[in-house]
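Notes for the one structure printed next.
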Amino acid sequence: MSVIILALVAVNVVLTGIIMFSTVSANRKTIALVDDIAAILNLELEKTAEGGEEAEPEMVLPENSEVYDIADAMTIALKSSDGKDHYALCSVSFSINKEDPDYKTYQPLFSAKESKIKSEIIEVVGQYTKEEAQANVHGIEEAILKKVQEMFDSKFVYEAYFRDIKFQ
């Protein structure tokens, strides 16, 4: 009985060694692949920051931020994809940087241009089908932000977001 146990222990040690060597080599390959991917992603991040293409937005401290809410919820007709009418019911808010040099110039005009801002929101949201809009809410927010920044020719508005959005 002792001989059988000793033989099984020896077989167990040999198989454990084989498993360890095969796992270590596969693990090294995985680590190398992850390192390569991380290096590529790091290069892309450095390229956009240095190349000036699309640099990371500047962080705005909460005490330097102001929120502007568009008071009325908007019902917007969405692009039809299945022959049926679909709508988005949304409430939009904007974050404004009070430390931006354009703040004093444009902030008073923000409420005066609210109807134009609503028009831009309707135009942006209306370009999407119900399915596209549901899948890409963040992309719609970015498109609205870009339109508002173009309207004022300034980046004192640094964030657009939905307080509430529903699709039908």
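For S154, indicate whether it is among the polar types (S, T, N, Q) and assigned to a loop (DSSP other than H, G, I, E, B).
yes
Among the residues that make up segment 116-137, is at least one of them in a helix (DSSP H, G or I), closer than 19 Å to V67 by Cβ and among the basic types (K, R)?
The answer is yes; a qualifying residue exists.
Name the one entry in D100, D82, D69 that is in the same structural domain as K155 (by TED's automatic domain parsing), touching a residue at least 60 places away in the same chain (Cβ under 8 Å) and not hydroxyl-bearing (S, T, Y).
D69
Can you find a residue in segment 121-134 that is free of Cβ contacts under 8 Å to residues at least 40 places away in the same chain, of a type in the set (G, A, S) and surrounded by fewer than 16 Cβ atoms within 10 Å (Cβ to Cβ)?
no
Please determine whether any residue of segment 106-119 is within 15 Å of H86 (Cβ to Cβ) and surrounded by 16 or more Cβ atoms within 10 Å (Cβ to Cβ).
no
Based on what the data block shows, is K147 assigned to a helix (DSSP H, G or I) and surrounded by 13 or more Cβ atoms within 10 Å (Cβ to Cβ)?
Considered against the rule, which asks whether it is assigned to a helix (DSSP H, G or I) and surrounded by 13 or more Cβ atoms within 10 Å (Cβ to Cβ), K147 comes out as yes.
Checking E141 against (1) out of contact with any helix residue (DSSP H, G or I) (no Cβ under 8 Å at 6 or more places or on another chain); (2) more than 26 Å from N64 (Cα to Cα); (3) at pLDDT 90 or above, only one condition comes out false. Which one?
Result: E141 fails condition (2) only.
The values are calculated or read from the model by the stated rules, or taken from the named source; none is laboratory data. Remember, it's a predicted structure, so these values are computed and weren't measured experimentally. Positions of Cβ are generated from backbone atoms using ideal geometry, with glycine treated the same way; all protein chains shown enter the neighbour counts.
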